[in-house]
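This report refers to the structure that appears directly beneath it.
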Amino acid sequence: MTLFAVAGIRFRVHWLFVLLLLATAWTGRAAEGLVMFAVVLVHELAHVAAARGRGVTVREVELLPFGGVARTEGMLSADPGVEAAVAWAGPAANGVLAALGWLAGRWNAVPAGWALFFIGANGVVAAFNLLPALPLDGGRLYRAYRARQVGLRRATAEAARLGKALGAALILGGATLFALGVAAFTLPVLGAVVYTAAGREEAAAAYVFMAHLARRREALARRGCMAAAPLAARADVLLIQVLERFLPQKYYVVWIVDEGGRLVGVASESELLQALFERGPETPLKALVQGRFIDRK
């Protein structure tokens, strides 16, 4: 359901959040529901501000009980540094709101009960979002961190699997608690939403990786200079297998060797990326050196 549009950004509310707000109104706790809605909205506005501050255009924001999903014109995950900065913005905003709530309670600006509820609401939203599982902010932070160690494609797969595990745990645990009368039915439904969103992230991993590689093509021209990193690979290895080992913030030079480990050619990152988009990911490295280097066999 679309709420409003501001500065070209549509703000929508997920049906689960609408259901939760209706449930709080039905139980006579509409005020608490509205406070939670405001907390989540500020959380997402912080993400939007951080993204736009780094030149990323945000098209739509969908609010969920635990935060939300921002849809952008560019792939945030294509630049781990930008993704991490944007991911931190939401929980940081909740931290600031919690501090303001503590000050308001300490100065008796609001009743103590409301101050505690406000602090708790921000703490829950921030803590849940910092869990290292996609599509949560913590999952994006985890992906940005692991991308610098194992590459973006593997990091995305790891974070998505953690997200699916979290979703499954919420479904099973929530269903059990609901059956015992301890928790509301919204908890297993929330787990289903998290599991489904993590599955979408996993399915989009290949597309995210290709977007990342496309951005790498202009990285050297944009920055002027970059730290270089060598990588050795056999001539029969496929191009995609090499590209998956590329880490962010580095420019690679690949030493291509034969079965005996003898050098048969050298290819720059730019040449490998050009071959990817011209010949495809299943191209063997030997196709890049044929006719350019002397066969030493």
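Throughout, read-outs are computed from the coordinates displayed, never taken from laboratory work. From a predicted model like this one, the values you see are computed outputs, not experimental measurements. We place every Cβ from the backbone using ideal geometry, glycine too, and count neighbours over all the protein chains shown.
Counted over the stretch 225-289, the DSSP beta bridges are approximately 45% antiparallel. Applying the criteria of a DSSP loop state and at most 13 other Cβ atoms within 10 Å to the GluC sites (Glu not before Pro) of the stretch 14-77 yields Glu73.
Karplus-based coupling profile of the stretch 225-230, in residue order and whole Hz: 8, 9, 5, 8, 9, x, with θ = phi - 60° in 6.51 cos²θ - 1.76 cosθ + 1.60 and x standing for Gly or Pro.
The simple spin-label model puts a point 7 Å past each Cα toward its Cβ; for Arg148 and Trp26 those points are separated by 4.7 nm.
In terms of the mean number of neighbouring beta-carbon atoms within 10 Å, the peptides 272-280, 127-135, 165-173 order highest first as 127-135, 165-173, 272-280. Note on Ala175 and Leu100: the extension gain reaches 23.5 nm, defined as 0.36 nm multiplied by sequence separation minus the Cα-Cα distance. Listed values for the stretch 259-272 are Karplus-derived 3J(HN,Hα) couplings in whole Hz (6.51 cos²θ - 1.76 cosθ + 1.60, θ = phi - 60°), namely 4, x, x, 8, 5, 10, x, 10, 10, 7, 4, 4, 5, 5, and x replaces Gly and Pro. In this structure the amide hydrogen of Thr72, modeled in the peptide plane, comes within under 5 Å of the amide hydrogens of Arg59, none closer than 5 places in sequence on its chain. Net charge dipole, the stretch 59-119: roughly 320 debye, given to the nearest 20, about the Cα centre with Cβ charges of +1 for Lys and Arg and -1 for Asp and Glu. Once a ≥ b ≥ c are taken as the square roots of the eigenvalues of the Cα gyration tensor of the stretch 225-289, is the result rounded (a/c under 1.5), prolate (a/b larger than b/c) or oblate (a/b not larger than b/c)? It is oblate, given that a/c is not under 1.5 and a/b is not larger than b/c. In the chain, the DSSP-assigned H stretches of four residues or longer account for a calculated mean residue ellipticity at 222 nm of -19500 deg cm²/dmol, using -39500 (n - 2.57) per stretch and the full residue count as denominator. Considering only C-alpha atoms, what is the centroid distance from the stretch 26-57 to the stretch 194-264, in Å? Between the Cα centre of the stretch 26-57 and that of the stretch 194-264, the gap is 36 Å. For the peptides 107-114, 231-238, the ranking by packing is 231-238, 107-114, with the highest mean count of neighbouring Cβ atoms within 10 Å listed first. Take the Cβ atoms of Phe185 and Arg71, set R0 to 30 Å, and the FRET efficiency comes out at 0.60. Only Cα pairs under 8 Å and 6+ residues apart enter the sum, and on that basis the relative contact order of the chain stands at 12 percent. For Gly265, nonlocal amide neighbours, meaning residues 5 or more places apart or on other chains whose placed amide H falls under 5 Å from its own, are Ile256.
Each residue of the stretch 155-170 is assigned a 3J(HN,Hα), and the resulting list reads 4, 5, 4, 5, 5, 5, 5, 5, x, 5, 5, 5, x, 5, 5, 5 Hz, derived from the Karplus form 6.51 cos²θ - 1.76 cosθ + 1.60 (θ = phi - 60°), x at Gly and Pro.
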